[in-house]
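Trainee: Attaching a single structure in structure tokens format; questions to follow.
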Amino acid sequence: MNEAPQHPPLILASTSSYRRELLQRLRLPFRCERPQVEEAQQANETVESMVARLARAKAAEVASRHPEALVIGSDQAASLGGRALGKPGGRDRAIEQLMQCSGRPVEFHTAVCLLGPGGLEFAAMDTTRVRFRTLEAEAIARYVEAEQPFDCAGSFKCEGLGICLFEGLDSEDPTALVGLPLIALCKLLRRAGVELP
């Protein structure tokens with residue numbers, strides 16, 4: 001009987017329930033650990049550069065405590081006209097964000113970084129373009145009350161009722177919009193020697 005292939009322990013540098021649920025789809029054993037990273041955009045930093053930097057910083061902070069492990073870091077931000085839309089944190093800010101997005105295209109940049117023993121480092125970025133339909137204030141208020149997307153970049157949950165807010169979207173990886181681009185991550189894991197189907 002063949003033994004299961006061995007690879008270093010896998011750690012997701014996140015306590016996001018969305019990322020944890022996505023990573024569970026790969027049926028690999030892993031654990032989650034909170035990275036101690038300040039998540040703020042730096043002066044003159046593009047949204048894409050910010051999420052790539054934060055994904056790496058999260059992975060590096062956890063990897064510094066677990067140098068024997070493969071550590072996955074990820075970060076996501078929405079971009080409206082080149083300006084970052086973060087997590088709203090509350091009802092009023094969520095309504096304000098969705099009013100700004102109404103009838104407009106919004107880009108969601110999701111970065112993933114894989115760090116491992118011996119200086120192993122791979123990274124990828126997914127950009128999903130969402131086209132919001134024109135939203136009435138009453139519809140936005142109903143949506144925010146129903147789903148309370150206060151911990152989601154852009155103030156919606158595409159895996160839930162938030163899909164009703166869209167006219168369409170362009171994406172190479174539908175999981176990226178939820179918070180962890182699994183297609184890209186599978187490529188990185190394979191490069192690191194992890195066997196996947």
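Trainee: Considering each of GLY160, GLY154 in turn, give the residue that is of a type in the set (Gly, Ala, Ser) and closer than 22 Å to GLY81 by Cβ.
Mentor: The unique qualifying residue is GLY154.
Trainee: Still on this structure, please answer the following. Which ranges mark the strands (runs of 3 or more DSSP E) fully within region 1-95 that have 2 or more residues being touching a Cys at 6+ places or on another chain (Cβ under 7 Å) and not β-branched (Val, Ile, Thr)?
Mentor: 70-80
Trainee: Among the candidates LEU22, LEU12, LEU54, LEU26, single out the residue that is surrounded by 12 or more Cβ atoms within 10 Å (Cβ to Cβ) and in contact with a Phe, Trp or Tyr (Cβ under 6 Å, 6 or more places away or on another chain).
Mentor: When all the criteria are applied, what remains is LEU12.
Trainee: Further, regarding this structure: Do you know which of the residues in region 29-41 that are modelled with pLDDT of 95 or more, in contact with a strand residue (DSSP E or B) (Cβ under 8 Å, 6 or more places away or on another chain) and under 20 Å from ALA60 (Cβ atoms) is surrounded by the most Cβ atoms within 10 Å (Cβ to Cβ)?
Mentor: Only one residue fits best here, namely PRO35.
Trainee: Out of (1) within 21 Å of SER16 (Cβ to Cβ); (2) outside any helix (DSSP H, G or I); (3) modelled with pLDDT of 90 or more, the odd one out for PHE156 is which?
Mentor: The single condition PHE156 does not satisfy is (3).
Trainee: Moving on. Kindly provide the set of residues from region 13-45 that are under 21 Å from GLY86 (Cβ atoms), touching a Ser or Thr at 6+ places or on another chain (Cβ under 9 Å) and among the hydrophobic types (A, V, I, L, M, F, W, C), ordered by number.
Mentor: Correct list: ALA13, LEU22.
Trainee: Quick check on MET99: is it farther than 26 Å from LEU10 by Cα and of a type in the set (A, V, I, L, M)?
Mentor: Against the criterion (farther than 26 Å from LEU10 by Cα and of a type in the set (A, V, I, L, M)), MET99 qualifies.
The values are calculated or read from the model by the stated rules, or taken from the named source; none is laboratory data. Just so we're clear, the structure is a prediction, and the values are computed from it rather than from any experiment. Heads up, the Cβs are rebuilt from the backbone with ideal geometry, glycines too, and the neighbour counts pull from every protein chain shown.
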